[in-house]
Amino acid sequence: MQTATIPGYTYGTDEAATSPLTMQDLERLKAVVGLTEDDRQSLLEAADILADQADDMVTEYRRRLGELPFMRPYSGHPDGTPDPQYSAASKPRFDRFIIDACTRPLDQDWLNYQQEIGLRHTRAKKNATDHADSLDHIPMRYLLAFTAVVIATARDYLAAKGAPPERVDRMHAAFTKSVMLHVTVWTRPYVDAANW
């Protein structure tokens, strides 16, 4: 998947927001989530397995969300009807998230893009990237709750190519930590600094 061809994918560019978090904040979050160098190696192994399955994973996530009528207005029109253009425009970025969660170095560019993703879930930037006509804010409770689906379903995809169970366990544990780290940083735009 060529990142240069993904509209709205601003990782490592001046178009991404600037994170208010410091590298010290990031190091502390990594310590709390327990992300180790061994996990980083397991994530690279996971990337090899998930690279050609990312699109299927996101399709499954979206199918599950689509089964919940109260969630449809966040990715479709405000009345809950589908918006195929918005779906097609945003899906490659969601696909890319699966790979980025396994491969990107945790540096200032990473912090900045996670701030951008967080903003794109809030009134600050929701719908702006794709000029979409959907609800203008995804409540943080849904962002957090859906994290469980992303994490739980990853195990089946990690096991799909016949990796031994202990390797699947290692990769899944690392993926869990990575996704939790990502989503935690995405919540920063939702609350003020004192409460975050």
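Summary table
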{"read-out": "Counted residues, segment 183-196 - those being of a type in the set (F, W, Y) and either closer than 15 Å to I98 by Cβ or assigned to a helix (DSSP H, G or I) (or both)", "value": "2"}
{"read-out": "Tabulated pairs, segment 77-94, first over 17 Å from E60 (Cβ atoms), second assigned to a helix (DSSP H, G or I), C-beta under 6 angstrom, 6+ apart or interchain", "value": "G80/R72; G80/P73"}
{"read-out": "All positions within segment 14-41 that are among the polar types (S, T, N, Q) and closer than 27 Å to K125 by Cα", "value": "T18, S19, T22, Q24"}
{"read-out": "Residues (acidic (D, E) and in contact with a Phe, Trp or Tyr (Cβ under 8 Å, 6 or more places away or on another chain)) located in segment 18-77", "value": "D56"}
{"read-out": "Filter result for M23 (exposed (fewer than 13 other Cβ atoms within 10 Å of the Cβ) and at pLDDT 95 or above)", "value": "yes"}
{"read-out": "Test result for F146, touching a residue at least 40 places away in the same chain (Cβ under 8 Å), among the aromatic types (F, W, Y), surrounded by 20 or more Cβ atoms within 10 Å (Cβ to Cβ) and in contact with a Leu (Cβ under 8 Å, 6 or more places away or on another chain)", "value": "no"}
{"read-out": "Every pair of residues 6+ apart whose Cβ atoms lie under 6 Å, when the first sits in segment 182-196 and is without any contact (Cβ under 8 Å) to a residue 24 or more places away in the chain while the second is surrounded by 19 or more Cβ atoms within 10 Å (Cβ to Cβ) and assigned to a helix (DSSP H, G or I)", "value": "W196/R188"}
{"read-out": "Residue within segment 103-116 that is closer than 18 Å to E45 by Cα, charged (D, E, K, R) and buried (at least 17 other Cβ atoms within 10 Å of the Cβ) present", "value": "yes"}
{"read-out": "Check on G34, in contact with a Lys or Arg (Cβ under 7 Å, 6 or more places away or on another chain), in contact (Cβ under 8 Å) with a residue 24 or more places away in the chain, surrounded by fewer than 16 Cβ atoms within 10 Å (Cβ to Cβ) and not polar (S, T, N, Q)", "value": "yes"}
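Here is a yes/no grid of residues against (1) in a loop (DSSP other than H, G, I, E, B); (2) crowded, with 20+ Cβ neighbours inside 10 Å:
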residue: P82; (1), (2): yes, no
residue: R93; (1), (2): no, yes
residue: R123; (1), (2): yes, no
residue: D133; (1), (2): yes, no
residue: D136; (1), (2): yes, no
residue: T153; (1), (2): no, no
residue: V168; (1), (2): no, yes
residue: F175; (1), (2): no, yes
residue: L181; (1), (2): no, yes
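The values are calculated or read from the model by the stated rules, or taken from the named source; none is laboratory data. From a predicted model like this one, the values you see are computed outputs, not experimental measurements. When we count neighbours, we look across all protein chains shown, and the Cβ atoms used for this are built from the backbone with ideal geometry, even at glycine.
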